[in-house]
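The values are calculated or read from the model by the stated rules, or taken from the named source; none is laboratory data. The structure displayed is predicted, hence computed values, not measured ones. Counting neighbours? That spans all protein chains shown, and the Cβs are built from the backbone with ideal geometry, glycine included.
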Amino acid sequence: MEDSTRDAEGAQDADSAITELYAAHYAGLVRLAALLMRDESVAEEIVQDAFVALHRRWRRLKDPQKAAGYLRTSVVHGTRSMQRRRQVAKRHPQDLPPDEPSAEQTALTAEVGNAVVDALRELPARQREALVLRYYGGLSESEIASAMKISNGAVKSHASRGMAALRPVLESWRR
Amino acid sequence: MNERWSSEEEKLQAALHAAAQNVSPGPDGLARIRRRTAESPWWRNPVFYGVAAGVATAAAAVVIAVNTLGTGADDLSVSPADSPTSSQTSVPSQEPTTGPVDPTDADPTRDPDDDPGDDPESEPIDPAEEPDETEPPATAERMALPVYFTVDGQVNREWQSVTGTDPLLAAADASLNGTSFDPRYESLWSPVEVISAEVVDGVIEVDLRSPVELDADPELADEAVQQLVYTVTATAAMPLVPEVDGAVPVRILVDGAPADDLFGSVDVSEPVTRADQIDVRYLIDIDSPAYGADVSSPVTVSGVAAVFEGNALWELRRDGEVVDSGITQTEEAFTFSPFSIELGDLEPGTYEITVMEDDVSDGEGPEPRFETKEFTVVAP
């Protein structure tokens, strides 16, 4: 019975931690996901998946301080796998499910973007991730490295290649 | 913090923030997360998940009842013993005489390679070679069945001990409506009545009662169909179901009539075959110990994995601390192939074994796949 008591407490911890993390990070993470995706309609879903996954492994998380980083990493990973699935689906157009707007989609009314974001979405995924995490997320190189699960050096090179590709459109962009 | 940024960098930052401001998350995000982290309806509730979700008193210890009265042709007992709230403890094997199934018993063979349905490409294993602890049942009896659920949208197998007279029906029902022991496993289906599942002219015919609905991202519709197809084809390959092997196709009917599609997107007008497991199956599957099992020392972990160069990493944890770790080699590389890990003598207690892919891409590739099983070593 001791175990179940401990488990129950753990679950309560997880629930209240999720609520706090939601208040602090949800909107930011949805925006991050929207910038990373070519199609922002699933941004909320990806972020919700990340929270659910965190809740599930809450007891195994050694350091609750790392929860925000874990969420960020899951979101980056979630956008990657969503885009992979989309690419597969594109190759099999007959398998495409009907495109029904979800409740979340209608909430995301305004189009995310401008010329810069459009150009960003044409970049290879790693370059886009490095740039978005740095210039939208305001993360340090090491934080980006851990979110993308790559080395600091790789972050640097993805970011600088991405930046070079965006240079022309940035020159002509006006706020 | 950005005093050293160039004007280009500042422009990029401004452009990204301007775009991000256009995104307003919907109002119900937390409610949606809560709904998914709260206790699921009892028929979908994995045995430990109720506890983890804070519902200690409702933990369904008895996931699968051994229904000794079940002699009717359609009588299955793949269901909680009494009611969802009837049991009080979270340890499935505390009362072994009253019916909770030790999941380790679920696999009579203990050898993952004994699921010939797994690979339609390879030669089907002669059913006669299977250990013969499970003869075709005349009356309701306990059967160990390969039941597929999913992890990250990919199918993964759990051996479950089910009592009934009809292995195909029991397995289909356990997969679509049952509960997994492993809390990470989930069904992609909304609960649905399986009217019948039988072999007809070399095809497994599964009849479902409408409504037949997906409980997952619409993009996972194909995987959901494969969850059912893998389950019934693997079951058909068991000696319980004579005369067919695991490579037979599956015809899906809805309300007794042929269906054109499922979930509005998956064509099932023709019988569906198993998709190549490298496309749809989760790459790591620990068969034994089963999640939550009581085992005696020494402990051997066995399963199937498709991993780079056949290398899989493993870690044994106790109370969150790694107490042992190593690398195991599957028999063949890059394809689904058995592995086995000798953990040796372990003192009584609860452990977690995790087997994971070696991340050879050094972080450049997808997140490494892993499987974790919690088990308890009991004193002899």
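Being within 9 Å of chain B (Cβ to nearest Cβ) and modelled with pLDDT of 85 or more is the filter; apply it to the stretch A:55-73 and report the residue that is nearest to A:Val132 (Cα to Cα).
Among them, the one singled out is A:Thr73.
Test A:Ile150 against the criterion of being more than 7 Å from every other protein chain (Cβ to nearest Cβ) and not small (Gly, Ala, Ser), and give yes or no.
no
Of all residues in the stretch B:168-182, which are surrounded by 24 or more Cβ atoms within 10 Å (Cβ to Cβ) and in contact with a helix residue (DSSP H, G or I) (Cβ under 6 Å, 6 or more places away or on another chain)?
B:Leu168, B:Ala171, B:Ala172, B:Ser175, B:Phe181
Is there any pair with a first residue in the stretch B:216-241 that is at pLDDT below 85 and a second that is small (Gly, Ala, Ser) and in a loop (DSSP other than H, G, I, E, B) whose Cβ atoms are under 7 Å apart and which are 6 or more apart or on different chains, and what are they?
Pairs that qualify, where the first residue is at pLDDT below 85 and the partner is small (Gly, Ala, Ser) and in a loop (DSSP other than H, G, I, E, B), are B:Ala237/B:Gly246.
Among the residues that make up the stretch B:262-269, is at least one of them in contact (Cβ under 8 Å) with a residue 12 or more places away in the chain, within 20 Å of B:Val147 (Cα to Cα) and crowded, with 20+ Cβ neighbours inside 10 Å?
No, there is no match, as no residue in the stretch B:262-269 is in contact (Cβ under 8 Å) with a residue 12 or more places away in the chain, within 20 Å of B:Val147 (Cα to Cα) and crowded, with 20+ Cβ neighbours inside 10 Å.
Looking only at the stretch A:133-145, which residues are within 9 Å of chain B (Cβ to nearest Cβ) and outside any loop (DSSP other than H, G, I, E, B)?
A:Arg134, A:Tyr135, A:Ala145
Would you check if B:Ala221 is within 14 Å of chain A (Cβ to nearest Cβ) and either among the charged types (D, E, K, R) or in a loop (DSSP other than H, G, I, E, B) (or both)?
Here the answer is no, as B:Ala221 does not meet what is asked.
Only one of (1) more than 7 Å from every other protein chain (Cβ to nearest Cβ); (2) at pLDDT below 50; (3) out of contact with any Gly (no Cβ under 6 Å at 6 or more places or on another chain) fails for B:Ala56. Which number is that?
Every listed condition holds for B:Ala56 apart from (1).
Of the residues that sit in the stretch B:324-354 and are among the hydrophobic types (A, V, I, L, M, F, W, C) and modelled with pLDDT of 90 or more, which one is farthest from B:Leu283 (Cα to Cα)?
That would be B:Leu346.
State all residues of the stretch B:149-203 that are part of a loop (DSSP other than H, G, I, E, B) and within 14 Å of chain A (Cβ to nearest Cβ); if no residue qualifies, say none.
B:Asp152, B:Gly153, B:Ser180, B:Asp182, B:Pro183, B:Arg184, B:Tyr185, B:Leu188
Check whether at least one residue in the stretch B:329-338 is of a type in the set (Gly, Ala, Ser) and within 27 Å of B:Val206 (Cβ to Cβ), and report yes or no. Write out each step before concluding.
First pass over the stretch B:329-338, keeping only residues of a type in the set (Gly, Ala, Ser): B:333, B:337.
This time we only want the ones that are within 27 Å of B:Val206 (Cβ to Cβ), so: none.
No: the stretch B:329-338 contains no residue that is of a type in the set (Gly, Ala, Ser) and within 27 Å of B:Val206 (Cβ to Cβ).
Yes or no: the stretch B:223-245 includes at least one residue that is touching a Phe, Trp or Tyr at 6+ places or on another chain (Cβ under 6 Å) and surrounded by fewer than 24 Cβ atoms within 10 Å (Cβ to Cβ).
Checked against the condition, which is being touching a Phe, Trp or Tyr at 6+ places or on another chain (Cβ under 6 Å) and surrounded by fewer than 24 Cβ atoms within 10 Å (Cβ to Cβ), the stretch B:223-245 yields no hits at all.
Which of (1) more than 15 Å from B:Ala19 (Cβ to Cβ); (2) β-branched (Val, Ile, Thr); (3) under 16 Å from the mean Cα position of the chain (by Cα) does A:Val155 not meet, given it meets every other one?
The one condition A:Val155 does not meet is (3).
With (1) loosely packed, with under 15 Cβ neighbours inside 10 Å; (2) modelled with pLDDT under 85 as the list, and A:Ser16 as the residue in question, which single condition is left unmet?
Condition not satisfied by A:Ser16: (2).
Those residues that are within 23 Å of the chain's Cα centre (by Cα) and either among the small types (Gly, Ala, Ser) or surrounded by fewer than 16 Cβ atoms within 10 Å (Cβ to Cβ) (or both), I need them from the stretch B:286-307; list them, please. Steps first, answer last, please.
Looking only at the stretch B:286-307, we keep the residues that are within 23 Å of the chain's Cα centre (by Cα), and these are B:286-295, B:299-307.
Listed by number, the residues that qualify are B:Ser288, B:Ala290, B:Gly292, B:Ala293, B:Thr300, B:Ser302, B:Gly303, B:Ala305, B:Ala306.
Need the failing condition index for B:Glu371 against (1) more than 14 Å from chain A (Cβ to nearest Cβ); (2) surrounded by 15 or more Cβ atoms within 10 Å (Cβ to Cβ), just the number.
Of (1) more than 14 Å from chain A (Cβ to nearest Cβ); (2) surrounded by 15 or more Cβ atoms within 10 Å (Cβ to Cβ), only one is false for B:Glu371: (1).
Pull up the stretch A:17-54, narrow it to residues that are in contact with an Asp or Glu (Cβ under 9 Å, 6 or more places away or on another chain) and of a type in the set (Gly, Ala, Ser), then point me to the one that is farthest from the other protein chains (Cβ to nearest Cβ).
Among those that are in contact with an Asp or Glu (Cβ under 9 Å, 6 or more places away or on another chain) and of a type in the set (Gly, Ala, Ser), it is A:Ser41.
Can you name the condition, by its number, that B:Asn311 falls short on among (1) in contact (Cβ under 8 Å) with a residue 60 or more places away in the chain; (2) closer than 25 Å to B:Gly153 by Cβ?
Failing condition for B:Asn311: (1).
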